[in-house]
1. Run down 295, 284 and say which single residue is crowded, with 18+ Cβ neighbours inside 10 Å and touching a Ser or Thr at 6+ places or on another chain (Cβ under 6 Å).
2. Restricting attention to the stretch 430-437, does a residue exist that is part of a helix (DSSP H, G or I), surrounded by 13 or more Cβ atoms within 10 Å (Cβ to Cβ) and hydrophobic (A, V, I, L, M, F, W, C)?
3. Restricting attention to the stretch 26-72, report how many residues are closer than 24 Å to residue 84 by Cβ, free of Cβ contacts under 8 Å to residues at least 12 places away in the same chain and part of a loop (DSSP other than H, G, I, E, B).
4. For residue 441, only one of the following conditions fails: (1) more than 20 Å from residue 226 (Cα to Cα); (2) in a loop (DSSP other than H, G, I, E, B); (3) of a type in the set (S, T, N, Q). What is its number?
5. Given the structure, is residue 98 near ligand 2 (Cβ under 9 Å from one of its atoms) and not assigned by TED's automatic domain parsing to the domain that holds residue 205?
6. Do we have residue 441 as of a type outside the set (Phe, Trp, Tyr), surrounded by 23 or more Cβ atoms within 10 Å (Cβ to Cβ) and more than 16 Å from ligand 3 (Cβ to nearest atom) here?
7. Could you count how many residues in the stretch 118-133 are in a helix (DSSP H, G or I) and within 8 Å of ligand 3 (Cβ to nearest atom)?
8. Of these, 98, 102, 93, which one is under 26 Å from residue 443 (Cβ atoms), more than 16 Å from ligand 1 (Cβ to nearest atom) and buried (at least 20 other Cβ atoms within 10 Å of the Cβ)?
Amino acid sequence: MVAAAAPPAKPVTPPRLNPVRVPIVEEPIEERVHDFRPVLRAYSKEEAVLEAKRCIQCRRPWCVEACPITQDCREYIIQIAKGDFDAAARVTLQDNPLATCLCKVCYRYCEDACVVKKKGVPIAIRHLKRAALELGNDDLAYVPSAPKHQRVAVVGAGPAGMMMAWELGIRGYGVTVFEQEERFGGLMQTIPAYRMADADVEHDRARYRGLDVTWVKDDKIGVTRPVRALLDDGYQAVFLSLGTSEHRVLGVPGEGLPGVIPALQMLKRFNAGGSVTVGRRIVVIGGGDVAMDSVRTALRLSAPGAVTLVYRRGRAEMPADPDEIHEAESEGIRFLFQKAPLRIVGAGKVEGLVVQAMELGAPDAAGRRAPVAVPGSEETIPCDTVIVAVGQRTDLTGFEGDLDLKVTSQGWPEGKGEGFATGVPGIFAAGGRSVVYAMGTASQAAEAIDRFLAEKRGETAGPRPDSFGGAEPFHLPAGYTTPIRS
Ligand SMILES: Cc1cc2nc3c(=O)[nH]c(=O)nc-3n(C[C@H](O)[C@H](O)[C@H](O)COP(=O)(O)OP(=O)(O)OC[C@H]3O[C@@H](n4cnc5c(N)ncnc54)[C@H](O)[C@@H]3O)c2cc1C
Ligand code: SF4
Ligand code: SF4
């Protein structure tokens, strides 16, 4: 852990708490449901400055402590409040190589921790990040430290792999990123265009141009060659960020009928420009963010169709982002809570989904109330399409053996050792449940890989260098005490 700097100077704006957020304008519902235009409009300069001035610039930056990559959001907000958008963009990008993506899709752990939330609506930290990048100069290129003459292989170009390439690239290592798909970005490539544009990943990736990073696509490690062969090929360490590229199945009768579509497959294919056919009466099964993206994508593809979400627990238990739930509901999605799918029925194609009512029992170890079936409560929901969004799983083909990987409860493979080290020296594995969380795990693993490689050189690893080539290495913002884990 890097020491924090001295406490901040006097705030540039008076610390008077205003609980009311400058509204984030949404596209009109009746227009946006017919296409994939971005739903949220960006702040204007004036709106961004007004919103930034609501920040009371806490001496202890709770927002930064809650961010898995310790993005110095307090500082970019200060720069926006001063009207200096170029400085705000630079501060943002300095520690956040996927900022163009995150300013649209981050789950905003920072806003949950913002003190203003205690009295009203937290500062729009994510939306201000977008203002910094869109209103300031974000066409910057990262600068590597002196070359280390050691090369690392990264397997998987999702957020964790991209973060690792940046962490090692700015430290002066050579990195080769192997991706099995044709496009980089991992699961971010399944996020619909009304939330994040396809070009956003490429926009972020362009800032890597000064680093010694080679990007290889269509290469599935474990199939094209065993992972250990990378070490034999001269890579001095390997980082596995395999993510969860496979969909989970429901496991009910009728799942093989034409008209049943795995959510991940639909979102990926449509985003890549492929054709997806849905009917007019669509049921989506699930309660997470993938289910939210599925109902809203299905609505846009079927317009003027009817889309129903079926979830086996209640609204309070839904793991999806509350903003996504609100946006889906306001677009006209019907929510059916406490219904579990029993079977999909139809003669040669989907004609209905049979569900059973659920009561919520006692909370489980994680505090979530377990659904319990109500006998004799079966009903059939007529539909022509069923989209299954009940989770993803990892594909470990070719990674079995002595790596000794742990698969987390949400399906991500990771190393069990310090800094996510696996059972094989020099091979590390991490990633995780949100874009910024996955990046945070990669940062931790990068420190461990840096130590591992420095030891091989007979040196001691130093702090992360400034990513734009400045003399000051990375340090935690003033007043930072402990990370807030969410
Ligand atoms: C529809 C959807 C919407 C989401 N919305 C949000 C959101 O709004 N905000 C948010 O923060 N998170 C969201 N998430 C979650 C987020 O995308 C993931 O948590 C994040 O992408 C995980 O990053 P990762 O790098 O660990 O894994 P992944 O993103 O899964 O990346 C892993 C990469 O490794 C590649 N790979 C796997 N095996 C191999 C191999 N053998 N050889 C080569 N390459 C391989 C895969 O093709 C993939 O590109 C969403 C996820 C989905 C599916
Ligand atoms: S990356 Fe996400 S959690 Fe971190 S400051 Fe930005 S919006 Fe907040
Ligand atoms: S916690 Fe909220 S009010 Fe405090 S510095 Fe961060 S954004 Fe500003």
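1. Result: 284 is the single residue among 295, 284 that is crowded, with 18+ Cβ neighbours inside 10 Å and touching a Ser or Thr at 6+ places or on another chain (Cβ under 6 Å).
2. Yes, some residue in the stretch 430-437 is part of a helix (DSSP H, G or I), surrounded by 13 or more Cβ atoms within 10 Å (Cβ to Cβ) and hydrophobic (A, V, I, L, M, F, W, C).
3. 1
4. Just one mismatch for residue 441, condition (2).
5. yes
6. Spelling it out, residue 441 is indeed of a type outside the set (Phe, Trp, Tyr), surrounded by 23 or more Cβ atoms within 10 Å (Cβ to Cβ) and more than 16 Å from ligand 3 (Cβ to nearest atom).
7. Here the count works out to 1.
8. Step by step, each of 98, 102, 93 is checked, and only 93 is under 26 Å from residue 443 (Cβ atoms), more than 16 Å from ligand 1 (Cβ to nearest atom) and buried (at least 20 other Cβ atoms within 10 Å of the Cβ).
The values are calculated or read from the model by the stated rules, or taken from the named source; none is laboratory data. Please read these numbers as outputs of a predicted model, since none were measured by experiment. In this analysis, Cβ positions are derived from the backbone assuming ideal geometry, glycine residues included, and neighbour counts consider all displayed protein chains.
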